[in-house]
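Some notes on the structure that comes next.
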Amino acid sequence: MVAAASELNAEYDVVIVGAGVAGLNLAVHLPEACRVLVVCKGGLKESDSFLAQGGICVQRDKGDFRSYFEDTMRAGHFENDPATVKCMIEHSRETIDELISFGVRFAREENGALAYTREGAHSRPRIVFHEDCTGKEITSHLLAAALSLSNVTLCPHTTMLDLLCNRENTTCLGVVLKENRTGKIFTVRAGNTALATGGVGGLFRHSTNFRILTGDGLAVALRHGVKVDHADYIQFHPTTLYTKGRGRRFLISESLRGEGAHLINAKGQRFVDELLPRDVVTEAIYREMEKEGSDFVRIDLRTAGDENTLLSHFPTIVQRCKEEGFDVFKEPVPVVPAQHYFMGGVRSDLFGRTTMPHLYAVGETCCNGVHGRNRLASNSLLESVIFAKRAAEDITRGERAQGEAYFDAELYANPRRLAKNDKQNVLKEMKRDDG
Ligand SMILES: Cc1cc2nc3c(=O)[nH]c(=O)nc-3n(C[C@H](O)[C@H](O)[C@H](O)COP(=O)(O)OP(=O)(O)OC[C@H]3O[C@@H](n4cnc5c(N)ncnc54)[C@H](O)[C@@H]3O)c2cc1C
């Protein structure tokens, strides 16, 4: 059910901050007896999970384990945690089957078998997809599942300002929340708390992310001394539609390059192997832009398929380009790299546990080592879904937090100042890691 902030209880068994794939999949895997609250900063559909275009990875068959593992490690510059990568790949098939059981429709071949596409740095096609809006397809089904559960309450337009901890800062006991509409600040206690607050794109001028995603999970972790890893590991997507002005950048999915779209410079010449990892392609684009003194390069979608193929596999992209004045069937479209994904985050283990007892972190907010220094395309939806489910299993097995909460209402009298400090802390951490 959906509830307003004023209708919430003072205590839940589990509080989840964030309603993207990670938060929702955690919620739907908790037992019926568990009273669950999911809060989110914007509307229920304002999450990056709804924006994911290309698809979600899966180990295609038994023989694919090694190659999928190597592709993930190579893209991550071998800084990935091998145990986490192994865990993700081994659980990938059952995860896709489970999503299908929730009603998610993936593209099929004529014979009914799942269709697979390919993206950069994958040595073979192993990505399942729904047109070019896979994230929306998956997340809307998870949202419907969460809404159907009587033990789960969803509360949109409610911002987590802080963790609620004991005075010693050694246990998480819930969250401090703000109702966006009224500005009312209140606390909710929880037996266990999970951060699923997504990425950091809102801190960047050019990003494909929703502007409300400003690394809040990371900020509260830093505030309470919860371990954060690799805050400087930021992925830039090589190809977002170049448009003037500010705001969220529209993604030109990597699977277009996987299907054969060419990147070209002002002379119409190709200058990079389009299927190299994202960081390498991004660098090549920046170099080319610098050489030409231009604000963008171009991508030619016509080499990825004929009109019918483009319209059936990439309808949203074709339409959006048209709205911006580009006919993809007649001309290449201008593209520029933009901040896209956050590989660093709140350190978490194979069950989403952070360094603070009773505090979990899942999805893009966490850093469990799966992506290393650079995420392999379409691994993030999979990772979010799998480790959120494992966190739910761990919470179910575990104890509830005990202790007296310490709440200093004065501290939140000026949430803007708090947010400014947090932003500075996060940026400082990014630079510290960098240097
Ligand atoms: C344009 C685009 C295309 C992508 N394509 C793909 C793809 O094809 N395949 C793939 O695997 N991945 C893709 N990704 C990445 C993937 O979508 C994300 O990594 C993933 O969806 C993250 O899920 P999440 O649940 O962690 O976070 P999100 O889905 O971003 O959800 C974050 C939630 O946290 C809430 N929140 C944040 N701060 C607060 C706060 N202070 N208080 C309360 N709530 C808060 C937000 O309101 C939101 O509900 C894409 C990303 C983008 C932006």
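Values computed for the structure shown
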read-out	value
Cβ pairs under 8 Å, 6+ apart, first in the stretch 153-175 and small (G, A, S), second surrounded by fewer than 21 Cβ atoms within 10 Å (Cβ to Cβ) and in a strand (DSSP E or B)	G174/E11; G174/T187; G174/R189; G174/A405
Filter result (near the ligand (Cβ under 10 Å from one of its atoms), outside any loop (DSSP other than H, G, I, E, B) and within 16 Å of S148 (Cβ to Cβ)) within the stretch 36-51	V38
All positions within the stretch 163-198 that are under 20 Å from L222 (Cβ atoms), touching a Ser or Thr at 6+ places or on another chain (Cβ under 9 Å) and not aliphatic (A, V, I, L, M)	C165, C172, G174, K178, T197, G198
Top-ranked residue in the stretch 265-301 [being surrounded by 18 or more Cβ atoms within 10 Å (Cβ to Cβ) and of a type in the set (V, I, T); ranked as nearest to A338 (Cα to Cα)]	T282
Hits in the stretch 207-234 (condition: touching a His at 6+ places or on another chain (Cβ under 7 Å) and more than 12 Å from the ligand (Cβ to nearest atom))	none
Residues of the stretch 354-392 classified as farther than 24 Å from Q53 by Cα and in contact with a His (Cβ under 6 Å, 6 or more places away or on another chain), total	1
Condition check for V2: more than 15 Å from the chain's Cα centre (by Cα) and surrounded by fewer than 24 Cβ atoms within 10 Å (Cβ to Cβ)	yes
Any hit, the stretch 54-68, residues being buried (at least 16 other Cβ atoms within 10 Å of the Cβ), touching a helix residue (DSSP H, G or I) at 6+ places or on another chain (Cβ under 8 Å), closer than 26 Å to G352 by Cβ and of a type in the set (G, A, S)	yes
Failed item in (1) within 15 Å of the ligand (Cβ to nearest atom); (2) modelled with pLDDT of 95 or more; (3) of a type in the set (D, E, K, R), with R66 passing the rest	(1)
Options L143, L147, L114; residue that is modelled with pLDDT of 95 or more and crowded, with 21+ Cβ neighbours inside 10 Å	L143
Residue among G225, G245 that alone is surrounded by fewer than 16 Cβ atoms within 10 Å (Cβ to Cβ) and in contact (Cβ under 8 Å) with a residue 24 or more places away in the chain	G225
Positions within the stretch 302-327 being loosely packed, with under 13 Cβ neighbours inside 10 Å and at positive phi, in sequence order	G325
Selection from the stretch 327-372 of residues that are in a loop (DSSP other than H, G, I, E, B) and either among the β-branched types (V, I, T) or at pLDDT below 95 (or both)	V328, T354, T355, V362, V370
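Residue by residue, here is whether (1) more than 8 Å from the ligand (Cβ to nearest atom); (2) out of contact with any Ser or Thr (no Cβ under 7 Å at 6 or more places or on another chain) holds:
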| site | (1), (2) |
| --- | --- |
| A3 | yes, no |
| N9 | yes, yes |
| V17 | no, no |
| G23 | no, yes |
| P31 | yes, no |
| C34 | yes, yes |
| G55 | no, no |
| K62 | yes, yes |
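The values are calculated or read from the model by the stated rules, or taken from the named source; none is laboratory data. Bear in mind the structure is a predicted one, so any value in this text is a computation, not a measurement. Quick reminder, even Gly has a Cβ in these numbers, built from the backbone with ideal geometry, and neighbours come from all protein chains shown.
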